[in-house]
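Remarks on the structure that follows.
The values are calculated or read from the model by the stated rules, or taken from the named source; none is laboratory data. All values derive from a computational prediction rather than experimental measurement. For neighbour counting, all protein chains shown are included, and Cβ atoms are generated from backbone atoms with ideal geometry for every residue, glycine included. Just the protein is used for accessible areas: all its heavy atoms, side chains included, with ligands, DNA and RNA removed. Shrake-Rupley method; radii C 1.70, N 1.55, O 1.52, S 1.80 Å.
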Amino acid sequence: MLTYIVIAVLAFVAGVLIVAARKPDIFEVSRSATIRATPERIFALLADFQEWGVWSPYEKKDPAMKRSFKGATSGVGAVYAFDGNKQAGTGELAIVEVQAPVKLAVTLDMTKPMACHNLITFTLTPAEGGTLVTWHMQGACPFIGKVMGTIFNMDRMVGGDFEKGLAALKQATERPQLVAAAA
């Protein structure tokens, strides 16, 4: 009986390793939402790191997180460093491309809980009823990441955070317009 259990466990591990080896070397996570606001209004919250506290779900994971800014808080070269709990992590965000009000590209260099270097892009496209905002992240996926991705669904975990962030961005940009329209 013990032999069958050992064989089953080894077969399972081999299966996970084979599936992991066939995964792509790059991971991508993307979510979109239509927001009833102009691209300019939305872009203003995305392109200024000091505004990220208004909408970013990662800001809420550790309210005591240490934050610092290097240079300007917006525009190419702006850097936002953070040091938080294990949910928020430690790392830096840097704006590397600005095409106001349609595209913002940011690099994410994490040191904790695991090291990674990812590219985040926000694209804003006029759409019926407002602006379609797409939050996209991609990065290298080494073999250990592929193994973890076989067991844990990265798209669901990170995508859920993106959905929360887009919902908060929607709330932050739509609500003031409704108040202004009623006045």
(message) Condition first: touching a residue at least 24 places away in the same chain (Cβ under 8 Å) and farther than 20 Å from residue 122 by Cα. Now tell me which residues in segment 89-101 satisfy that.
(response) 89
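So that you can scan it fast, the table gives a plain yes or no per residue for (1) in a helix (DSSP H, G or I); (2) closer than 30 Å to residue 166 by Cα; (3) of a type in the set (Val, Ile, Thr):
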{"position": "7", "(1), (2), (3)": "yes, no, yes"}
{"position": "15", "(1), (2), (3)": "yes, no, no"}
{"position": "27", "(1), (2), (3)": "no, yes, no"}
{"position": "43", "(1), (2), (3)": "yes, yes, no"}
{"position": "52", "(1), (2), (3)": "yes, yes, no"}
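Considering every residue within segment 127-148, establish whether at least one is part of a strand (DSSP E or B) and in contact with a Pro (Cβ under 6 Å, 6 or more places away or on another chain). Don't jump to the end; show me each part of the working.
If we filter segment 127-148 for residues that are part of a strand (DSSP E or B), which is where we start, we get 127, 130-140.
Filter once more, keeping what is in contact with a Pro (Cβ under 6 Å, 6 or more places away or on another chain): 131.
Looking through segment 127-148, at least one residue is part of a strand (DSSP E or B) and in contact with a Pro (Cβ under 6 Å, 6 or more places away or on another chain).
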(request) Quick one: count up the residues across segment 16-37 that are of a type outside the set (Ser, Thr, Tyr) and modelled with pLDDT of 75 or more. (result) 11
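Does residue 158 meet the test of being among the β-branched types (Val, Ile, Thr) and in a helix (DSSP H, G or I)?
Details: among the β-branched types (Val, Ile, Thr): yes; in a helix (DSSP H, G or I): yes.
So residue 158 passes the test.
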(request) Could you check residue 28 against (1) in contact (Cβ under 8 Å) with a residue 12 or more places away in the chain; (2) in contact with a helix residue (DSSP H, G or I) (Cβ under 7 Å, 6 or more places away or on another chain) and say which number it fails? (result) (2)
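Which residues, counting only those in segment 128-156, are more than 24 Å from residue 22 (Cβ to Cβ) and either among the hydroxyl-bearing types (Ser, Thr, Tyr) or open to solvent by 40 Å² or more (accessible area, probe 1.4 Å) (or both)? Outline the logic, then answer.
First, the residues of segment 128-156 that are more than 24 Å from residue 22 (Cβ to Cβ): 128-135.
Of everything in segment 128-156, those that are more than 24 Å from residue 22 (Cβ to Cβ) and either among the hydroxyl-bearing types (Ser, Thr, Tyr) or open to solvent by 40 Å² or more (accessible area, probe 1.4 Å) (or both) turn out to be 128, 129, 131, 132, 134.
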(message) Please go through segment 99-134 and give me each residue that is under 12 Å from the mean Cα position of the chain (by Cα) and under 16 Å from residue 44 (Cβ atoms), ordered by number.
(response) 106, 122
(message) Contact list please: Cβ distance under 6 Å, first residue in segment 121-137 and farther than 20 Å from residue 95 by Cα, second residue of a type in the set (Val, Ile, Thr) and buried (at least 20 other Cβ atoms within 10 Å of the Cβ), pairs at least six apart or on different chains.
(response) 130/35; 131/35; 131/42
(request) With the checklist (1) at pLDDT below 95; (2) assigned to a helix (DSSP H, G or I); (3) not acidic (Asp, Glu) in hand, flag the one item residue 169 doesn't pass. (result) (1)
(message) Can you tell me which condition residue 172 does not meet? The list is (1) over 14 Å from residue 52 (Cα atoms); (2) surrounded by 15 or more Cβ atoms within 10 Å (Cβ to Cβ); (3) in contact with a helix residue (DSSP H, G or I) (Cβ under 8 Å, 6 or more places away or on another chain), and all the others hold.
(response) (1)
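Name the residue that is least open to solvent (accessible area, probe 1.4 Å), counting only residues in segment 11-64 that are among the hydroxyl-bearing types (Ser, Thr, Tyr) and under 28 Å from residue 150 (Cα atoms). Show your work before the answer.
First, the residues of segment 11-64 that are among the hydroxyl-bearing types (Ser, Thr, Tyr): 30, 32, 34, 38, 56, 58.
So of that shortlist, the ones also under 28 Å from residue 150 (Cα atoms) come out as 30, 32, 56, 58.
Values: 30: 51, 32: 68, 56: 4, 58: 69 Å².
It comes out as 56.
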